[in-house]
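Down below is the structure, laid out as structure tokens.
The values are calculated or read from the model by the stated rules, or taken from the named source; none is laboratory data. All values derive from a computational prediction rather than experimental measurement. Because the Cβ atoms are built from the backbone with ideal geometry, glycine has one as well, and the counts that use them run over all protein chains shown.
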Amino acid sequence: MTVSQKVIKPKTGKGKRAQEKREPKIIENTKQCMLLHGQKTSETSRQCLKDIHSFKKPNSHLLTKKSPFLPFEDILPIERLSQKYDYSLFAVATHTKKRPDNLIMGRMFDSHLLDMVELGIMNYKGLSDFKNAKISSGTKPCMVFCGTDFEDIDEYKKLKNFLIDFFRGVEATDVRLQGFEHALLFTAIEGNVLIRSYKILLKKSGTKIPRVELEEIGPSMTLLLRRSRYASDDLMKRACRQPKQLKKKTVKNHSKDVFGSKLGRVHMTKQDLKRLQTRKMKGLKKPVDKKKGKKSKNAATTNSMEVSQE
């Protein structure tokens, strides 16, 4: 028995544009994030969602209505929202006696859950606690990861990959120095992840290179890793697959070093070292036969005598 799938064609121009926007592309759009409130939240978790929303504007949407979202127990409501509004990232704020000040963050692939983590918020200081100038909305951050756990422990490696995907914002090919004004620092220490946010100040130094200073603007928090559900290797491989148009063609005998310099390898035939041209010096000259040297000396004296007689 075959089931026929009915293809719904858009009837308006707006519906057609919306359908074309959801179609697969060679270069995907910037990932959109939805920020949700659970059935019960705390002031700390609500303020954390607001600060994340202010950093990720205009690619985030804050939904203030409380709903009984429990992603680790039932992910279907969030998957429906992701499919309906084309969200690829989500964050849910909850608060219970067992897990106070809770933040659940995750990402989607093809409107289905890829992976998610549950984090406990401690020592939180929001944007309003720092009385200084903030950065402009839509600024792409510079992310710095400190700590050996991000390189040694497999779970922290996956957490690093997730945090980069969540906070990276718009994909940029070029960097403008004046627009480089936000830095996010992630430090893994003693089983926790410390997050600090800084504004990059470029001040005069008397030379072409400006003097760089960092000013903390918030938010500042300590995250405790509670639960996690990461994607399998096969699913992650499917999610990271690139189209053929974006794959760079391999050029033989060409490579780049860590500094980006282009290196080339040249193949040559075997050389005869006896015919190799070297620097001319007395030590490398062939020895002269003594008899030939005497003959040449006598010939030189006779020639000089003939010239003097004339």
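Numerical summary
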quantity	calculated
Strands (runs of 3 or more DSSP E) contained entirely in segment 204-277, each with at least 1 residues that are touching a helix residue (DSSP H, G or I) at 6+ places or on another chain (Cβ under 9 Å)	220-229
Yes/no for Lys157 being assigned to a loop (DSSP other than H, G, I, E, B) and out of contact with any strand residue (DSSP E or B) (no Cβ under 7 Å at 6 or more places or on another chain)	no
Given (1) under 26 Å from Pro58 (Cα atoms); (2) in contact (Cβ under 8 Å) with a residue 24 or more places away in the chain; (3) hydroxyl-bearing (Ser, Thr, Tyr), number of the condition Tyr230 does not satisfy	(1)
Options Ile121, Ile104: the member that is without any contact (Cβ under 8 Å) to a residue 40 or more places away in the chain, crowded, with 20+ Cβ neighbours inside 10 Å, under 19 Å from Pro219 (Cβ atoms) and hydrophobic (A, V, I, L, M, F, W, C)	Ile104
Residues located in segment 191-201, provided they are closer than 19 Å to Arg227 by Cβ and assigned to a strand (DSSP E or B)	Asn192, Val193, Ile195
Members of segment 64-88 found to be aliphatic (A, V, I, L, M), more than 17 Å from Ser42 (Cβ to Cβ) and surrounded by fewer than 22 Cβ atoms within 10 Å (Cβ to Cβ), listed by number	Ile75, Leu76, Leu81
Flag if Ala188 is aliphatic (A, V, I, L, M), in contact with a Gly (Cβ under 6 Å, 6 or more places away or on another chain) and either surrounded by 12 or more Cβ atoms within 10 Å (Cβ to Cβ) or part of a loop (DSSP other than H, G, I, E, B) (or both)	yes
Unmet criterion (only one of (1) within 30 Å of Lys50 (Cα to Cα); (2) touching a residue at least 40 places away in the same chain (Cβ under 8 Å)) for Arg238	(1)
Check on Arg22, buried (at least 17 other Cβ atoms within 10 Å of the Cβ) and under 26 Å from the mean Cα position of the chain (by Cα)	no
Residue check for Lys31: surrounded by fewer than 19 Cβ atoms within 10 Å (Cβ to Cβ) and over 18 Å from Leu223 (Cα atoms)	no
Conditions (1) part of a strand (DSSP E or B); (2) touching a His at 6+ places or on another chain (Cβ under 6 Å); number of the one not met by Thr139	(1)
Output for segment 200-249, where each listed residue is more than 25 Å from Gly120 (Cα to Cα) and among the basic types (Lys, Arg)	Lys203, Lys204, Lys208, Arg211, Lys237, Arg238, Arg241, Lys244, Lys247, Lys248, Lys249
Pair list, Cβ under 7 Å, 6 or more apart: segment 191-216 residue buried (at least 18 other Cβ atoms within 10 Å of the Cβ), other residue modelled with pLDDT of 90 or more and assigned to a loop (DSSP other than H, G, I, E, B)	Ser197/Ile217; Ser197/Pro219; Tyr198/Ile217; Lys199/Ile217
Residue under evaluation Pro141, criteria (1) out of contact with any strand residue (DSSP E or B) (no Cβ under 6 Å at 6 or more places or on another chain); (2) surrounded by 15 or more Cβ atoms within 10 Å (Cβ to Cβ); (3) within 30 Å of Lys208 (Cα to Cα), criterion not met	(1)
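For (1) at pLDDT 85 or above; (2) among the β-branched types (Val, Ile, Thr); (3) within 24 Å of the chain's Cα centre (by Cα), each residue gets a yes or a no:
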residue	(1), (2), (3)
Gln178	no, no, yes
Ala183	yes, no, yes
Ser232	yes, no, yes
Gln245	no, no, yes
Met268	no, no, no
